Amino acid sequence: MLSNDEIAKKLLEIRTLMEMAGMSFYKYMAFEKAAASVENAPPLRDVAAAGELTKLPAIGKSIAVVIEQLLERGGADALDELYAIFPPTIVEVLGVSGIGAKTAATLWKDYSIGSLGDLEAAIAGNVLAGVPRLGPKTLENWKRGILAYKGRQRRMPLARALAIARDAIDYLRAGPPHDRLVYAGSARRQEVTVGDVDLVCTASDAAAITAYFASWDRARAVLAEGATKTSIWLEDGFQLDLRVLPDHLYGNLLQHFTGSREHNIKLREHAVRKGLRVSENGILNLETGDAIACDDEASVYAALGMAYIPPELRSGLDEIERALSGRLPDLLEGEDLRGDFHMHCTWSDGRNTLEAMILAAKARGYEYHAISDHSWGRGEAFGLDPARLREQRALVDELSAKHGMRTFCASEVDILPDGALDFDDEVLSQLDLVIGSVHSAFNIGRDAMTARIIRACENPYVTIIGHPTGRMLDGFPGYEFDYDAVFAAAARTGTALEIDGQAMRLDLPAPLARRAKEFGVTFSLDSDAHGVEDLPNIELAVGQARRAGITKDDVLNARSYEGVRAFVARKRKGT
Ligand SMILES: [Zn+2]
Ligand SMILES: [Zn+2]
């Protein structure tokens, strides 16, 4: 059922389409007022159930009918009638800044431009050249508007945003002289998706740097906003904002542009109670008028009387209270990790050989790691059968001895729909450790999925549950199960839950990992690498663990080799 916000959006869409269709000002403004009313109303489904929609401000009988239809079927007759005149995709055209209702109506009527794609094609094909009132400058603005619109439509997975941020920083490093240069914003907070990248730079000559940034060959459009700020859009509309300020304000600047918005609002509220005003330009003492410039972020938090809050915790939840009372967790650091239990090689679906993976793990300085190719459940071409697994075991032992690397022989074993594993206990007992993962039959229902994962936890040979929710950042939200029941089972049975660092997974999601920690769960942070170049993805898992408030003590692969062995042995003995 649609939420109040979604219904308000639909009402505004009706309003806009009515204006485009040339209906009267009073008629379409009624929808605009109704949308504002809906945004501030209690949940509409309750109001409608009580038959009290018309008691809300600005909602008359006919708009109440529209809302009832939206609640019932997600659409409405009034909207359908308008869709008979304009295609639903015309809202994309209206989303391009500089294109209003009148222009959009003309573009549709005279040029059949009814979507963003149509508009792009028309501009590229010079269809609109020479049309009165559409000079080259207007078309240039529209092009920029199209990029901005595309960028607003989707957020980018963290891994890609970080790669872009690093590229931009590499480019800027080669440019005019500057002092400090970092990325801030949601990428620094390790949010799983990123809307735009914020870059923070300190330098004495800001104009030289913003001009250099604007001339980056990956920029498709540039928006300059004064001497200290420049925004660029890349080919797919992804936006990067660069701010340049004097170096003595670095701490204030970085703190401000790291966010989150919610965190900064709470921080400002706290500051005001202490008679201080916080901004990117320093901390102002409202009583004395003195300004404090902070050379680093820690000084910002110290000036406000609290412990330094790591960026990953700046979500606006309870971190400020915890920082004030000294209850912030001592977060896990990347260097605390001694190994990685989840990686594939050419024996299953990996791209590099077993030996290459061992050498790459050694080159990363790990004390130990595991090779965990797939089990045979989804076809022998894909995974290993017990005979092949025995062969692999021998080769793992041989190569790890040859290279002086502690390589666990493991397997990522499918958890079957009933919770049994794809190998029997006899085969599992030959492995150093076992990752149990759900890879199929996602739609068995919440209760069956809960029972399935709990049964896997209860298997004495299952050390780790791999990517526990199955979510994918490009669409699949994960299969449903009772999280609390599984977290309790994992803690009770001594089964670790994975935080999988594969770029599109990041699973467990941080809010669930935070919850699992309350149950006393042990975590395993892994790359789930399918090639040598994926091994650094373990850093993405570290970022998510930090967002969840996880410390070194919570993490299996922050333990010694003997500690890992003991964890496996304890569960197998059932003590
Ligand atoms: Zn898997
Ligand atoms: Zn895997």
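General observations
- Looking only at segment 311-346, residues that are buried (at least 21 other Cβ atoms within 10 Å of the Cβ) and farther than 23 Å from Gly251 by Cβ come to 9 in all.
- Here Asn537 meets each of (1) more than 16 Å from ligand 1 (Cβ to nearest atom); (2) within 19 Å of Met357 (Cα to Cα); (3) not hydroxyl-bearing (Ser, Thr, Tyr) with one exception, condition (1).
- Inspection of segment 348-363 identifies at least one residue that is surrounded by fewer than 23 Cβ atoms within 10 Å (Cβ to Cβ), within 15 Å of ligand 2 (Cβ to nearest atom) and hydroxyl-bearing (Ser, Thr, Tyr).
- Tally of residues being within 18 Å of Gly151 (Cα to Cα) and either touching a Ser or Thr at 6+ places or on another chain (Cβ under 6 Å) or in a loop (DSSP other than H, G, I, E, B) (or both) across segment 95-125: 6
- His374 vs. criteria closer than 15 Å to Val532 by Cβ and in a strand (DSSP E or B): no
- Out of Ile265, Ile232, Ile283, sole residue that is crowded, with 19+ Cβ neighbours inside 10 Å and touching a residue at least 24 places away in the same chain (Cβ under 8 Å): Ile283
- Candidates are the residues of segment 431-447 that are of a type outside the set (Asp, Glu) and loosely packed, with under 15 Cβ neighbours inside 10 Å; the one that is nearest to Gly478 (Cα to Cα) is Phe442.
- Filtering Val486, Val542, Val521, Val568 for residues that are in a helix (DSSP H, G or I), closer than 17 Å to Gly436 by Cα and in contact with a helix residue (DSSP H, G or I) (Cβ under 9 Å, 6 or more places away or on another chain) leaves a single hit, Val486.
- Residue count, segment 43-94 (criterion: part of a helix (DSSP H, G or I), over 33 Å from the mean Cα position of the chain (by Cα) and farther than 30 Å from Leu119 by Cβ): 13
- Residue, farthest from Ala496 (Cα to Cα), within segment 318-374, restricted to residues that are in contact with a Phe, Trp or Tyr (Cβ under 7 Å, 6 or more places away or on another chain) and among the acidic types (Asp, Glu): Asp349
- Ala64 surrounded by fewer than 16 Cβ atoms within 10 Å (Cβ to Cβ) and of a type outside the set (D, E, K, R): no
- Failed item, numbered, when Leu473 is tested on (1) over 17 Å from Pro417 (Cβ atoms); (2) more than 16 Å from ligand 1 (Cβ to nearest atom); (3) in a loop (DSSP other than H, G, I, E, B): (2)
- Filter pass, Val486 being more than 29 Å from Glu355 (Cα to Cα) and either more than 16 Å from ligand 2 (Cβ to nearest atom) or assigned by TED's automatic domain parsing to the domain that holds Glu426 (or both): yes
Residue by residue, here is whether (1) of a type in the set (A, V, I, L, M); (2) within 16 Å of ligand 2 (Cβ to nearest atom); (3) within 20 Å of Ala541 (Cβ to Cβ) holds:
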| residue | (1), (2), (3) |
| --- | --- |
| Val438 | yes, yes, yes |
| Ala441 | yes, no, no |
| Thr450 | no, no, no |
| Asn459 | no, no, no |
| Val462 | yes, yes, yes |
| Gly466 | no, yes, yes |
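- Residue in segment 182-199 that is free of Cβ contacts under 8 Å to residues at least 24 places away in the same chain and within 30 Å of Ala545 (Cβ to Cβ) present: yes
- Subset of segment 432-448 (residues that are over 25 Å from the mean Cα position of the chain (by Cα) and away from ligand 1 (no atom under 16 Å from the Cβ)): Asp432, Ile444, Gly445, Asp447, Ala448
- Condition met for Gly316 (among the small types (Gly, Ala, Ser) and either in a helix (DSSP H, G or I) or not assigned by TED's automatic domain parsing to the domain that holds His369 (or both)): yes
- Considering segment 537-563, the residues that are within 16 Å of ligand 2 (Cβ to nearest atom) and over 14 Å from the mean Cα position of the chain (by Cα) include one that is nearest to Ile464 (Cα to Cα), namely Asn557.
- Scanning segment 432-450 for residues that are among the acidic types (Asp, Glu) and more than 18 Å from Ala485 (Cβ to Cβ) yields a single hit, Asp432.
- Pairs linking a residue in segment 422-444 that is touching a residue at least 60 places away in the same chain (Cβ under 8 Å) to a residue that is assigned to a helix (DSSP H, G or I) and within 12 Å of ligand 1 (Cβ to nearest atom), with Cβ atoms under 7 Å and 6 or more positions apart or on different chains, are His439/Arg378; Ser440/Arg378.
- Of all residues in segment 489-518, those satisfying the criterion of being more than 16 Å from ligand 2 (Cβ to nearest atom) and assigned to a loop (DSSP other than H, G, I, E, B) are Gly494, Thr495, Pro509.
- Scanning segment 447-477 for residues that are touching a helix residue (DSSP H, G or I) at 6+ places or on another chain (Cβ under 6 Å) and closer than 17 Å to Asp526 by Cβ yields Val462, Thr463.
The values are calculated or read from the model by the stated rules, or taken from the named source; none is laboratory data. As the structure is a computational prediction, the values presented were derived from the model and not from experiment. No Cβ is skipped: glycine too gets one built from the backbone with ideal geometry, and neighbour counts run over all protein chains shown.
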